[in-house]
Amino acid sequence: MKISVPWRRRIVLALIGVLVAWGLFQGFRPQAVEVDLGTASRAPLRITIEQEGRTRVVDRYLVTAPVNGYARRIKLDVGHAVERGATLVELEPLRAEVLDVRRRAEAEARIAAAAASVSASEQRANAAASNANLAQKELLRVRALRPAGFVAATAEDRAANEAERSAAELRSAQFAVATTRHELEAARTTLKYAASASSAELVAVRAPVAGQVLKIPRKSEGTVVAGQPLIEIGDPRALEVEVDLLSADAVRIHPGTRVIFERWGGEGTLEGVVRVIEPTGFTKVSALGVEEQRVWVIVAFTSPTDQWQRLGDGYRVEASFILWEENDVLQIPASALFRDGDGWAVFAVEQGKAVKRHAEIGQRSGLGGQVVSGIKAGEQVIVHPDDRVREGVRVMAR
C-alpha cells in the first residue's frame with residue numbers, strides 16, 4: 001500500500017514538530033547542576049597542629065679557652081668521637097705575666113668558688129642517685145604487684161615514667177659535676193699559667209665529657225683570648241626536637257602531648273612527647289613581614305633509638321602535635337560545610353536534588369569534620385557548593 005504525497009508531508013511535518021517541541025522542552029527545562037560529591041563515612045579522625053622543627057643535642061658543651069694564649073692547630077674534625085679528659089686543644093703560653101697581689105687573690109678566690117661548686121654539684125648528684133635508686137625500686141615493686149592485679153596499669157606507667165625521669169636527672173647531675181670540675185681545672189690552670197715563668201709549658205684543654213665533636217669555630221692555629229669558643233662537643237645519641245609554635249597554638253598543648261614526626265628523611269614516622277613548653281615567648285617576623293609571637297616547645301623522642309639514629313644535630317623534621325583523635329568517627333569533608341546562622345549546614349543529595357540539612361559538628365580538621373547529628377553514614381553531600389546550588393535544585397555528579 002502506497003502512502004500518498006500529502007500524507008508523507010504530514011508525517012514529516014509531524015516529526016519535525018515533535019523534534020522542535022522536544023528541543024524546546026529540553027532547552028527551557030532546568031538543567032541539573034554539576035557538583036562534586038562526598039560521602040559521610042566512619043573513619044579515624046585526628047586534630048593536629050603541624051609545624052617544622054629541628055633536632056638538637058640535649059646536653060652540648062662549648063669548650064672555651066681558659067686563658068689567653070696561642071692555640072695550636074686542632075687535629076680533630078667534626079664528627080670525631082672524644083673521650084672524657086682527652087686533649088682537645090693545646091695552648092702555648094704568651095709571655096709570662098706577673099700577677100699583682102689583688103689579681104692573685106682574685107684567682108685564688110675563683111679556685112675556691114669553683115671547688116665549692118664541685119662539692120655542691122657532687123651532693124646534688126648523690127641526691128639524684130638516691131632518687132633514681134628509689135624510683136627503680138618502686139618500679140620493681142609495682143611490676144611485681146601488677147600481675148596479681150593489686151595495682152592499675154596507670155600506676156605502673158607512672159612508676160616507669162618516674163624511673164626514667166629520675167635516671168635523666170641523675171645523668172644531668174653527673175654532667176653538671178663534670179662541668180664544675182672542668183671549671184675548677186680551668187681556674188687552677190689560670191693561676192698556674194700566670195705564675196709560671198717558663199715559656200715552654202703547654203696548656204691542654206681537655207674534654208669535660210665523652211661525646212662527639214659538633215662544631216669547630218676555628219680549626220687553624222692562632223692567638224685566642226680567655227673565653228673564646230674553641231670546640232663544641234655533645235652526645236648525638238641524646239637528641240630532642242625544638243619547635244617554635246605560635247603562642248595561640250602553644251596554649252592548646254601541654255607536657256605529655258603526643259607528637260608524630262613525618263617527612264624527616266627516613267622510612268615511616270617517628271613519635272615523641274612534649275617535654276617542655278617554655279614560659280617565655282619571642283617575636284619573629286614571618287616571610288610575609290608579619291610580626292608573630294612564638295614559643296619554643298621541646299619534644300623528646302619516644303621511638304626506639306635505632307629508628308632515628310641517622311638524625312643528627314640541627315636536622316629538619318615535620319612535627320604534628322596531636323590535640324585529639326578517635327578511630328571510629330562519622331565525618332564528612334570539611335569543604336562541604338558552610339555557615340547558616342550560628343550553626344553549620346550542608347547540602348545533601350536526595351533523589352537527585354540538593355536538600356539543605358542543619359548539622360551539629362564536633363571536632364574539625366583541615367580535611368574533615370565530625371558529625372554529631374544531622375547526617376547519616378553513607379549519605380552523599382555536595383563538596384564546595386557554589387551559588388547555583390540551592391534548596392531543591394537538581395544536581396548530578398561532575
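Values for this structure:
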{"read-out": "The stretch 52-131-the stretch 342-398 distance, computed between alpha-carbon centres (Å)", "value": "67 Å"}
{"read-out": "Prolate/oblate/rounded call for the stretch 225-330, Cα gyration tensor, a/c under 1.5 rounded", "value": "oblate"}
{"read-out": "All lysines inside 19 Å of LYS353 as judged from Cα atoms, apart from same-chain residues fewer than 8 positions distant", "value": "LYS376"}
{"read-out": "Interatomic Cα distance distribution for the stretch 253-398, bins of 10 angstrom, percent", "value": "9, 26, 22, 22, 16, 4, 0"}
{"read-out": "Crossing angle, helix 153-195 versus the chain [Cα axis fit, 0-90 degrees, rounded to tens]", "value": "40 degrees"}
{"read-out": "Net lengthening on full extension, THR39/GLU360 (0.36 nm per residue, minus Cα-Cα)", "value": "113.9 nm"}
{"read-out": "By average C-beta atoms within 10 angstrom, highest first, the peptides 351-360, 53-62", "value": "53-62, 351-360"}
{"read-out": "Rounded percent of accessible protein surface that carbon and sulfur make up, the chain, 1.4 Å probe", "value": "53 percent"}
{"read-out": "Mean shadow area of the chain over all directions, Cα convex hull, nm²", "value": "39.0 nm²"}
{"read-out": "Charged-residue dipole, Cβ positions (Lys, Arg, Asp, Glu), the chain about Cα centre, Debye nearest 20", "value": "1440 debye"}
{"read-out": "Gain on full stretching of the segment that runs from ASP157 to SER247 - 0.36 nm per residue minus C-alpha separation", "value": "29.4 nm"}
{"read-out": "MRE, 222 nm, helices only [DSSP H, n ≥ 4, -39500 (n - 2.57), over the chain, to nearest 500]", "value": "-10500 deg cm²/dmol"}
{"read-out": "Relative contact order (percent, whole number), the chain, Cα cutoff 8 Å, 6+ residue spacing", "value": "28 percent"}
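The values are calculated or read from the model by the stated rules, or taken from the named source; none is laboratory data. Worth saying up front: this structure is predicted, and the values here are computed from it rather than measured. Don't worry about glycine lacking a Cβ; one is built from the backbone with ideal geometry, like all the others, and counts go over all protein chains shown. Side chains included, ligands, DNA and RNA excluded: accessible areas come from the protein's heavy atoms. Shrake-Rupley method; radii C 1.70, N 1.55, O 1.52, S 1.80 Å.
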